[in-house]
Amino acid sequence: MRGGELVALLAGALLVAGYSWAEGGEPRAVAMPLANADGTRPGLAPITGKRERAAAVRLISRVRVGEPGSMAGYHRGRFGKKWTDAVTGVPYAGNGCRTRDDMLARDGIGVRYRRGSNCVVVAMTLADPYTGRRIEWRKREHYRVQVDHVVPLSYGWRMGASRWPKAKRLRIANDPLNLLPVSGGVNEAKGGRGPARWLPPQRNIRCAYVVRFAQVALKYDLAVTRADKIAMLRQCR
């Protein structure tokens, strides 16, 4: 393939995806959320084009606004056993691997598994979507990479999940659409905040992040606060 043809091919790909970089400088596609409605493609690419940002605003506009309820009764166990595979109705469910390992395998570069296992990820490189940093991760330092719930479970609880059947709470906790491996420290800093109070440090990813937040809210018919919806729209306008 000639150089000009390669440039044209890559330019076309960038309309639907961004790129992180694997060892040796090889490009690795990461998905723009508008082209990743089920969450099975890796990463989180920026939304930069005028047409794509307009589509993002239309999507966010569909999200319901509601008043937050109480945290009374909330604990992580209300959303099932952590990273359980015993869930139905979401991608990767029932494949024999813990949800966390599925997400590390989806987004990691150069993924290595425990000897004799097709599930347990023990090493990888992560292009952290929230900071843009490259993290060389090993399982013995598990805390350096955490899997973020884009819509935090505690946020979901306050916005209506407290009234859901447990099976639905189990789905949102293990749905790849709602999950991103990121820097552990950044994930801890986010906590249970919505977009009005927390956004990724990497500014060019913020529209993509709030679109992902909106996709989860729409899929699960979950309301967001008025302040959060205003903040979400602002990131993509």
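Less than 5 angstrom separates the built amide H of Ile47 from those of Cys207, Ala208, all sequence-distant by 5 or more or on a different chain.
When a 1.4 Å probe is rolled over the protein heavy atoms, the share of accessible surface on segment 105-167 that falls to carbon and sulfur comes to 45 percent. Calculated accessible area for segment 45-143 comes out at 58 Å² per residue, all protein chains present (probe 1.4 Å; ligands, DNA, RNA ignored). For Val224, the residues whose modelled amide H falls within less than 5 Å of its own, excluding neighbours fewer than 5 places apart on the same chain, are Arg64, Val65, Gly66.
Can you compute the charge dipole magnitude of the chain about its Cα centre, using +1 on each Lys and Arg Cβ and -1 on each Asp and Glu Cβ, nothing else charged? Give it in debye, rounded to the nearest 20.
The dipole of the chain has a size of about 680 debye.
When segment 158-222 is described by a simple charge dipole with +1 on each Lys and Arg Cβ and -1 on each Asp and Glu Cβ, the residue from Leu218, Leu179, Ala189 located farthest towards its positive end is Leu218.
First check a/c for segment 117-225, with a ≥ b ≥ c the square roots of the eigenvalues of its C-alpha gyration tensor; if it is under 1.5, answer rounded, and if not, answer prolate when a/b is larger than b/c or oblate otherwise. The shape class here is oblate. Karplus-derived 3J(HN,Hα) values for segment 56-67, using 6.51 cos²θ - 1.76 cosθ + 1.60 with θ = phi - 60°, are 4, 5, 4, 5, 4, 4, 7, 6, 6, 9, x, 8 Hz; glycine and proline are entered as x. Remark: spin-label model distance Ser61-Ala35 equals 2.4 nm, labels positioned 7 Å along the Cα→Cβ axis.
For the options Glu188, Glu136, Glu52, a Gaussian network treatment of the chain with springs between C-alpha atoms closer than 10 Å singles out Glu188 as fluctuating the most.
Taking the Cα centre of segment 44-102 as reference, the dipole from Cβ charges on Lys and Arg (+1) and Asp and Glu (-1) amounts to some 220 debye.
The gain in end-to-end length when the Arg197 to Asp221 segment is fully stretched comes to 6.5 nm, 0.36 nm per residue minus the alpha carbon separation. A cut-off of 5 Å between modelled amide H atoms, ignoring neighbours fewer than 5 places along the same chain, links Leu179 with Val150.
Tell me, in nm to one decimal, what length is gained between Thr48 and Arg133 on full extension, where the rule is 0.36 nm per residue of separation less the Cα-Cα distance? The partial results should precede the final answer.
Working: separation 85, 0.36 × 85 = 30.60 nm, distance 1.98 nm.
Length gained, Thr48 through Arg133: 28.6 nm.
Pairs with C-alpha atoms separated by more than 27 Å, drawn from the list Lys139/Lys229; Lys168/Lys229; Lys50/Lys190; Lys139/Lys166, are Lys139/Lys229; Lys50/Lys190; Lys139/Lys166.
The C-alpha radius of gyration of the chain, expressed as a fraction of 2.2 N^0.38 Å, stands at 1.01. Label separation (Lys82 vs Arg144): 2.0 nm, computed from points 7 Å beyond Cα along the C-beta direction.
Helix content alone sets the calculated 222 nm mean residue ellipticity of the chain: runs of n ≥ 4 DSSP H residues at -39500 (n - 2.57) each, divided across all residues, give -9500 deg cm²/dmol. The calculated FRET efficiency for Arg234 paired with Arg114, based on their beta-carbon distance and R0 = 35 Å, is about 0.20.
The trypsin sites (Lys or Arg not before Pro) of segment 126-216 that meet both conditions, a loop assignment by DSSP and at most 15 other Cβ atoms within 10 Å of the site Cβ, are Arg133, Arg193, Arg197. Shown in residue order for segment 173-188 are the 3J(HN,Hα) couplings computed by the Karplus curve 6.51 cos²θ - 1.76 cosθ + 1.60 at θ = phi - 60°: 6, 10, 7, x, 4, 9, 10, 9, x, 8, 4, x, x, 5, 4, 5 Hz (x for Gly and Pro).
The values are calculated or read from the model by the stated rules, or taken from the named source; none is laboratory data. These figures come from a predicted structure and were not determined experimentally. Cβ: placed from backbone, ideal geometry, glycine included. Neighbour counts: every protein chain shown. These area figures cover heavy atoms from the full protein model, side chains too; ligands, DNA and RNA do not enter into them. Shrake-Rupley method; radii C 1.70, N 1.55, O 1.52, S 1.80 Å.
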